[in-house]
Amino acid sequence: MTATDAPARPDTRTRTSSRARLLGVLGAAGIGVLIVLQSRLNGELGRQMQDGVGAALISFGSGLLLVLALVLALPGSRRATKRLGAALRNGSVRWWQTLGGLCGALLVFSQGVAVASLGVAVFTVAVVAGQAVSSLAVDRAGLGPAGPQPLTVTRVLGAVLAVAAVLVAVSERLSAPGALVLAVLPLLAGIGMSWQQAMNGRIKEAAGGVLPATLVNFLAGTTALLVFGVFHFATEGWPATLPTDPLLYLGGAIGLVFIAGAAALVRITGVLLLGLGSVAGQLLGALALDLLFPAEGAHLSAVAVTGTLLTLVAVGVAALPSRR
């Protein structure tokens, strides 16, 4: 065997793998920033329209049209979609596993309704806390493609700290019941996100492609919003105005990017590092937006910063290894 034929040294492979994982975590943080950016855009769209339901429909509907165009244009995605249809017919994928987009619809709806009043930082802390708590149940039940995951002391402690972070972040608003109701919306959306990610992972595995899972996600969410919108518009009427700023209509495209990006990065980082990187990106991006470009009527307070930092600690604790 010549020198050129010699296998790569173990330390070289380790360094290469470490660099790939580092780049994957940075990509996951970028996904978190995209989620925050979508929250700000959808929140501002809902504020200017004075209609959170209409803003959510625009965001989810535009994302559905984009992913549908991509699936139709790409032969590999069309074949993967056919495989998904076959899996639904033979029962290897159950119909209720295609409903993860309902949780995405709740997230987008809460963005349009609550961000302008709560601010991006408090909104994101609430989402992260809900996601931290629900991920324990989702992992324990084995709903995701990785199967059942054991409960550990550190993961449970991290979830408890995350809930405490929400209470700290919204403590200034305890005297305003309306604000507390708005804080519940992103908390519920975060709870649903873990189940949504588990279902999207199942769909992706059955189809063998990212875009069919993304298409199913947007289709379920848009359908739910349309049904709700029929009753909403019948009683409240159509939005008075549509904003002219084209940037406010990019929420659906951003959603498409971070859903597909997460599915691609998880092969490099694994689920845990992907989630931690995304959460870090969400929290830091939310603080930056509220500091540099505060939404109308919102302000970056010390308790919001404290709640965000406490949530970062909670995520770090949950990631620590521990006995069951």
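The values are calculated or read from the model by the stated rules, or taken from the named source; none is laboratory data. All values reported here derive from a predicted model rather than from experimental measurement. Reconstructed Cβ throughout: ideal geometry from the backbone, glycine too, with neighbour counts over all protein chains shown.
For this structure, a couple of remarks:
Residue-wise test of (1) crowded, with 18+ Cβ neighbours inside 10 Å; (2) farther than 15 Å from Ala80 by Cα.
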| site | (1), (2) |
| --- | --- |
| Arg202 | yes, no |
| Thr222 | yes, yes |
| Leu247 | no, yes |
| Gly251 | yes, yes |
| Ile254 | yes, yes |
| Phe258 | yes, yes |
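Table: residues versus (1) at pLDDT 70 or above; (2) in a loop (DSSP other than H, G, I, E, B).
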site: Gly144; (1), (2): no, yes
site: Gly147; (1), (2): no, yes
site: Thr154; (1), (2): yes, no
site: Ala159; (1), (2): yes, no
site: Ala165; (1), (2): yes, no
site: Gly178; (1), (2): no, no
site: Ala183; (1), (2): yes, no
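- Scanning region 34-64 for residues that are in a helix (DSSP H, G or I) and either free of Cβ contacts under 8 Å to residues at least 12 places away in the same chain or acidic (Asp, Glu) (or both) returns a single hit, Glu44.
- Criterion: more than 23 Å from the chain's Cα centre (by Cα), surrounded by 14 or more Cβ atoms within 10 Å (Cβ to Cβ) and modelled with pLDDT under 95 - qualifying residue of Ala87, Ala56: Ala87
- Leading residue by the ranking (surrounded by the most Cβ atoms within 10 Å (Cβ to Cβ)) among those in region 167-176 that are modelled with pLDDT under 70 and among the small types (Gly, Ala, Ser): Ala176
- If you go through region 193-249 and pick out every residue that is charged (D, E, K, R) and over 22 Å from Glu44 (Cα atoms), you end up with 3.
- Selection within region 187-228 - of a type in the set (Val, Ile, Thr) and touching a Gly at 6+ places or on another chain (Cβ under 6 Å): Ile191, Thr222
- Scanning region 224-241 for residues that are assigned to a helix (DSSP H, G or I), surrounded by fewer than 16 Cβ atoms within 10 Å (Cβ to Cβ) and among the hydrophobic types (A, V, I, L, M, F, W, C) turns up Leu226, Val227, Phe228, Val230, Phe231, Phe233, Ala234.
- Odd one out for Ser39 among (1) at pLDDT 90 or above; (2) buried (at least 19 other Cβ atoms within 10 Å of the Cβ); (3) of a type outside the set (A, V, I, L, M): (1)
- Residues (in a helix (DSSP H, G or I), surrounded by fewer than 18 Cβ atoms within 10 Å (Cβ to Cβ), modelled with pLDDT under 75 and in contact with a Leu (Cβ under 7 Å, 6 or more places away or on another chain)) located in region 273-324: Ala319
- Single residue of region 187-205 satisfying the filter (in contact with a Ser or Thr (Cβ under 6 Å, 6 or more places away or on another chain) and hydrophobic (A, V, I, L, M, F, W, C)) that is farthest from Gly54 (Cα to Cα): Ile191
- Test: Leu107 is part of a helix (DSSP H, G or I) and more than 16 Å from the chain's Cα centre (by Cα): no
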